[in-house]
1. Based solely on its DSSP helices, what 222 nm [θ] is calculated for the chain when runs of n ≥ 4 H residues each add -39,500 (n - 2.57) and the sum is averaged over all residues, nearest 500 deg cm²/dmol?
2. Take every Cα pair under 8 Å in the chain that's 6+ residues apart, average their separations, divide by the length, and report that relative contact order as a whole percent.
3. Compute the accessible area per residue over region 1-130, keeping the other protein chains in place, probe 1.4 Å, unit Å².
4. What's the longest uninterrupted piece of the chain once you rule out the trypsin sites (Lys or Arg not before Pro) that are loop residues per DSSP with at most 14 other Cβ within 10 Å?
5. Going by the alpha-carbon gyration tensor, a ≥ b ≥ c the square roots of its eigenvalues, is region 53-182 rounded (a/c under 1.5) or, if a/c is not under 1.5, prolate (a/b greater than b/c) versus oblate?
6. Run the simple label-point estimate for residue 33 and residue 94 please: 7 Å along Cα→C-beta, distance reported in nm.
7. Using only C-alpha atoms and all pairs of different ones, pull out the Kirkwood radius for the chain in Å with one decimal.
8. Taking K and R as +1 and D and E as -1, what net charge do the other residues with C-beta under 14 Å from the C-beta of residue 137 add up to?
Amino acid sequence: MLPNLLFDFGGVIIDIDYARTPAALRRLSRAGSTVEFSQASQAELFDQLETGHISPAEFRAGLRTHYQLEGTDEEIDAAWGALLLDVPAERLALIGELRRRGHQTALLSNTNVLHIEAVNRRLAQQYGFQHGIADCLDRVFYSQEVGLRKPGEEIFRHALREMNWQAAETLFIEDSPQHIATARRLGLHVLHLAPPLTLTTALPEALRVFPREYPEPPVA
């Protein structure tokens with residue numbers, strides 16, 4: 001059986017350094033405020049942007065108010081996007097090869113319009129993509145368009161319904177433990193890309209042993 005492949009974006013396809021954004025935003029704060037944003041958790045302001053409930057302008061205003069930020073819109077956007085790193089070509093090549101073999105593919109990402117626009121510009125410049133990462137996959141589900149975000153269960157259910165996939169026939173590839181936990185609870189198979197694992201080193205082995213889990217989870 002060829003499993004369906006449900007990819008996270010940051011930390012899976014695109015490299016991410018979560019520490020860079022709060023550090024960059026703090027440098028714009030006249031009070032040196034600590035910004036509540038990390039891989040594990042974040043303040044409600046960031047959730048609101050990632051679910052499309054506030055606009056980029058409202059987000060910037062919220063940052064200025066909550067963290068006493070001083071800076072132009074462009075400076076704030078650059079700090080917010082500081083976590084975005086490279087999209088390695090070998091990962092895109094692997095996804096393309098798996099699609100040619102017959103795997104159905106989709107993306108399920110907590111993201112926002114500012115990050116997506118920045119990544120899409122980079123992908124257009126580097127690889128000539130017309131529609132961002134959607135050029136490489138059968139479907140993309142962005143939290144800011146769906147109005148839901150991980151680790152909530154409903155965004156997973158939404159993606160499965162839209163793709164007409166069964167959880168037991170789907171492999172979810174993700175780097176955040178809290179999202180892995182939700183996927184397991186819903187019956188998806190998972191590949192947890194915890195360092196030093198990467199997509200190109202771990203996914204071929206995960207597919208070889210599917211439906212067994214790779215790497216094997218630790219014994220409780």
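The values are calculated or read from the model by the stated rules, or taken from the named source; none is laboratory data. Keep in mind that this is a model prediction, so the values were computed, not measured. Every residue, glycine among them, receives a Cβ derived from its backbone with ideal geometry; neighbour counts consider all protein chains shown. Side chains included, ligands, DNA and RNA excluded: accessible areas come from the protein's heavy atoms. Shrake-Rupley method; radii C 1.70, N 1.55, O 1.52, S 1.80 Å.
1. That comes out to -13000 deg cm²/dmol.
2. Worked out over the chain, it gives 26 percent.
3. Values: 6100 Å² over 130 residues.
Counting only protein heavy atoms, the per-residue value for region 1-130 is 47 Å².
4. On the way: sites that count: 30, 212.
My reading of the result: 31-211 is the longest stretch.
5. Values: a/c = 2.41, a/b = 1.45, b/c = 1.66.
Because a/c hits 1.5 or more and a/b fails to exceed b/c, region 53-182 counts as oblate.
6. Spacing of the two 7 Å Cα→Cβ label points: 3.9 nm.
7. Values: mean 1/r = 0.0552 Å⁻¹.
Mean inverse Cα-Cα distance, inverted, gives 18.1 Å.
8. Its environment carries a net charge of -1.
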